[in-house]
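Notes follow the structure.
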There are 2 protein chains.
Amino acid sequence: MADTRDRIIVATNELFRRGGYHGTSLSQISEASGATIGSIYHFFPGGKEALAVAVIDTTGSVYRQLFESIASDANDPADAFINFFAGAAAVLEESDFIDPCPIGTIAREVANTSEPLRVAANNAFNSWIEAGREHLVAGGVPPEEAEQLAAVFVSTVEGTFVLSRTQRSTLPLVAAGRYLSELVCRAITEAALSHRPAATGTRSTR
Amino acid sequence: MADTRDRIIVATNELFRRGGYHGTSLSQISEASGATIGSIYHFFPGGKEALAVAVIDTTGSVYRQLFESIASDANDPADAFINFFAGAAAVLEESDFIDPCPIGTIAREVANTSEPLRVAANNAFNSWIEAGREHLVAGGVPPEEAEQLAAVFVSTVEGTFVLSRTQRSTLPLVAAGRYLSELVCRAITEAALSHRPAATGTRSTR
């Protein structure tokens, strides 16, 4: 039974990545997952909207874990962003430029019309911002700046998915990774200079 | 007659900003524009897809002109980006967080399913990148770097619209404007240093 539920979520995720929320019908989901429409309603009594909440929650966790895994493997805090965008570029190219993430499309389609979906997308984005913030703070960026940089990171992920898919080019992803890494390097350097112990120098850098 | 065509485009633009491409029906467009469905087909024989191409083309030009106008009024090249995002933040707040731009949502919904819409969105994005590139080159950024920064600008616009609408907050827009401005300042400074005439110093900065 759990297998069927998972299969429905996986199939719906892929359909949303190709056609968005309104462009995907329950009969397409039934066909792609091999589950009857009755079975879909059994697992998701709220229908397509409830199923979309489950897809957003699942994708939100998967992407957070992906970022955390890339971040912990990176040689330095700024490299994590270059590596994340390089990975996204590879996924995009391998999949013939279908969307790596269903959440941004759904969020834009329904932010003003479905409060449950807006809240689910907001939770996913906030969890990515939190992961980015923790990574940056651990790397030496002051918390408030880390929060803002992490929000720019999440915006940039979603924005480069739009541009890269539309251009059918991974260049926007590569450029974004490089510039984010540059911003992170600069934030870390500035924080290190401004918090240098007094014993190592008498002049403040600010 | 031209009035009816314009009225259809304006009404469709607003419906797309609220509900996306697949979430908007011809009967909603008819109702919102006061034009019959027959009249919509008279002006757009290709139906909703052809109408969407017209909406994308129109919005693409309007946004390009908006950026050029903000850029030419800015005190310095980097300020243009702060001002652009501040303007977008004001529009978003005044409109109760409906999407400032219909193009990104449509692009994500149909990039793999409608080649005419993908091409129209691509032309719009490329024209914004071109406007950004020209502005940056005029401000002293080398052409290749200007092209990449301009692509990051367009990605960031689209990405912050996703995040700001989902969070119902203008903070991501404000942060993005500030960081883009920082990247632009840095690119201008580095270009100026690396192209300093030899007579003003004997050491290269690179």
(1) over 26 Å from B:Leu15 (Cβ atoms); (2) surrounded by 17 or more Cβ atoms within 10 Å (Cβ to Cβ); (3) within 9 Å of chain B (Cβ to nearest Cβ) all hold for A:Asp96 apart from (2)
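Would you check if B:Glu94 is among the charged types (D, E, K, R) and over 21 Å from B:Ala131 (Cα atoms)?
On the way: among the charged types (D, E, K, R): yes; over 21 Å from B:Ala131 (Cα atoms): yes.
When the stated conditions are applied, B:Glu94 passes them.
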Residue count for segment B:1-41, restricted to those that are out of contact with any helix residue (DSSP H, G or I) (no Cβ under 6 Å at 6 or more places or on another chain), free of Cβ contacts under 8 Å to residues at least 12 places away in the same chain and in a helix (DSSP H, G or I): 8
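With respect to B:Arg118, determine if the residue is more than 21 Å from A:Gly23 (Cβ to Cβ) and modelled with pLDDT of 95 or more.
Values: more than 21 Å from A:Gly23 (Cβ to Cβ): no; modelled with pLDDT of 95 or more: yes.
It is false that B:Arg118 is more than 21 Å from A:Gly23 (Cβ to Cβ) and modelled with pLDDT of 95 or more.
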Determine whether A:Ile106 is within 12 Å of another protein chain (Cβ to nearest Cβ), farther than 24 Å from A:Leu180 by Cα and crowded, with 17+ Cβ neighbours inside 10 Å. yes
Output yes when any residue across segment B:162-175 is buried (at least 24 other Cβ atoms within 10 Å of the Cβ), among the polar types (S, T, N, Q), modelled with pLDDT of 95 or more and assigned to a helix (DSSP H, G or I), and no when none is. yes
If A:Thr59 passes every condition in (1) surrounded by fewer than 17 Cβ atoms within 10 Å (Cβ to Cβ); (2) hydroxyl-bearing (Ser, Thr, Tyr); (3) under 17 Å from the mean Cα position of the chain (by Cα) but one, which one does it miss? (1)
Name every residue in segment A:148-168 that is within 9 Å of chain B (Cβ to nearest Cβ) and without any contact (Cβ under 8 Å) to a residue 24 or more places away in the chain, in order of residue number. A:Gln148, A:Ala151, A:Ser155, A:Gly159, A:Leu163, A:Thr166, A:Gln167
Determine, yes or no, whether A:Ala121 is touching a residue at least 24 places away in the same chain (Cβ under 8 Å), more than 21 Å from B:Val174 (Cα to Cα) and either at the interface with chain B (Cβ under 10 Å from one of its Cβ atoms) or surrounded by fewer than 23 Cβ atoms within 10 Å (Cβ to Cβ) (or both). no
Within segment A:88-121, work out how many residues are assigned to a helix (DSSP H, G or I) and under 11 Å from the mean Cα position of the chain (by Cα). 5
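The values are calculated or read from the model by the stated rules, or taken from the named source; none is laboratory data. These numbers come from a predicted model, not from an experiment. Glycine also receives a Cβ, built like all others from the backbone with ideal geometry; neighbour counts cover every protein chain displayed.
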